[in-house]
Structure formats: structure tokens, C-alpha cells
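Below is one structure, written out as C-alpha cells, with a few remarks after it.
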Amino acid sequence: MLWNRPDLMNRLTSLLWGLGLLLILVSGVLMVIRMPFFPVREVVLAKPLERVQVEDVRAGIAPYIGGNFFTVDLKAIRQGAEQQPWVYRADVRRQGFGSLSLDIDEQVPVARWGNEGTRSASDWLNRDGDVFEVPDSTIGDLGKNLPVLHGPLDTGNELMARYVRYSALLAPTGRTIRQLELSPRLSWSLRLDNGTRLELGRERTLNSADEQVEIFVSLYPQLVGNRPVAPTVVDLRYPAGVAVRYPAASAATSIPSDRKGKS
């Protein structure tokens, strides 16, 4: 039995004393680091900010930086920073003693989402197709030449993918997209920088819409030719041809194509 083994009793006693001292030590450390003797003295920005207002960030993180340097909630600080206008992503780390490093990546708009805002703010799309809202007063000339993309809610990613794809397909014409729209009935259309509107219709896949844009590119020299003005509308929804309207024409002009019929 254990009582008849003094060596085992000594080992057990030593183990219990060690565990007790360890618990006392851990408890003491936890008490010390939770005391208000180690406050967060400063939050340092990792890099300069161009459009994010430091005052907004300070107000957003202020409720979360009180208390102790060791127990401060870094996740809450990050979320407080990311809720501010123009903040795309934030990262917070402890550095030194009593100091936090706040690294902020700013939003980079690549397109306007819909029309200009009606409450002194506008919606924009970033390169990931995510919609974000910022005050119009902070835009300046940044959005002056950006395209306008518009569609139902949660279609930003698809619109951005199509904008990139169509822009590449249109490159041989020298034209750029000024507006890309997906209607509530899921019909696609786009407007070029020369004012020409392309009607693509209700396409279910990106590849089938590619075919329509490629038809336009192949016909572009014929559509423009030596005409003084560009066509106002190029309707690509027909299975065996293309309808074209010019500003001075009273009726649409039909141009045949070798496109096969589509469902």
C-alpha cells in the first residue's frame, strides 16, 4: 500500500507542494496583469492614412482601449476601426509595453455602385466587389472617371467580374465601359465611353454574354466606318443579326451576323 512506501509518499507530497506553488504563482500573475497599473498608453498608426480620418478611428476604438494592456480586447479594437468610413481592413498588435500598433488598409474604389447618394454619401465597389459607403465630401476627384455599376443587392461580385471581362474583350475597339447594369429582370446592358449602349439581354452565363460582346467587336469597324457619329444603341439580343440605331436615323438598321440562334 501507499502508506508503506515512504519514498512514494515523499514524491506525492513534493508533487502536491509543486502544484500548489504553481497555482499560487499563476493566480498572482493573473491578479497583477489585471490591475490597472499597466494601461494602454498609446495607439500608433503603422502607416500614414490618406482618406481615413484619424478622428473617426479614435472615436471608433476609444470604448475598447481602456483597462489593462495585457487584457485589452484586440478583436474589438479591430472591429471598431473597420466600422469607420474608408477603412477596408485593420490589424491590431501589441508592441513594446503599453503600446498598440494599428495597421489600416484603406478602401480603393474601382467603380460607383448605382447613382450618387441622396444623403451626402455614395456607395462604391472595391476590387473585391464589396459595396462600401463613404461621405461624398471625402471623394474629391477620385471617382470622377470611374465606371458606374448597378444591379440588385448582392450582385457586386458578378458585376465586377463582368466589368473586368468585358473591358478586356472591348480592348481592340479602344472603347471603355462607363456603365454596366443588371436590371431587376436580370437583363444586361452596358454604355461605352462614346455614348453607345449595348443591349445584351437576359444571359445566364458569362460565356454566352462573351459571344455577344465579341460579335460587337467584330462588327465595330462596320458600325463606325466613316460615320460622323457613333451609334446610340447596338441591340445584340437577336439570334441572327444586330439592330443598330444612329442619332439621325428614324429607324433601326439591321446588320446580319453569323451568330447561331440561342435559347
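In this label model, Val164 and Leu15 are separated by 6.0 nm, measuring between points 7 Å along each Cα→Cβ vector. Once the mean of 1/r is taken over each pair of separate Cα atoms and inverted, the range 147-256 shows a Kirkwood hydrodynamic radius of 14.2 Å. Under 12 Å from a label point set 7 Å out along the Cα-to-Cβ vector of Ala76, the amide N atoms of the range 51-66 belong to 61-66.
Arranged from fewest to most other beta-carbon atoms within 10 Å of their beta carbon, Asp193, Asp128 become Asp128, Asp193. A convex hull fitted around the alpha carbon atoms of the range 42-106 yields 70 Å³ per residue.
The numbers here are math on the coordinates, done by the rules we state, and not lab data. Source: prediction; values computed, not measured. Counting neighbours? That spans all protein chains shown, and the Cβs are built from the backbone with ideal geometry, glycine included.
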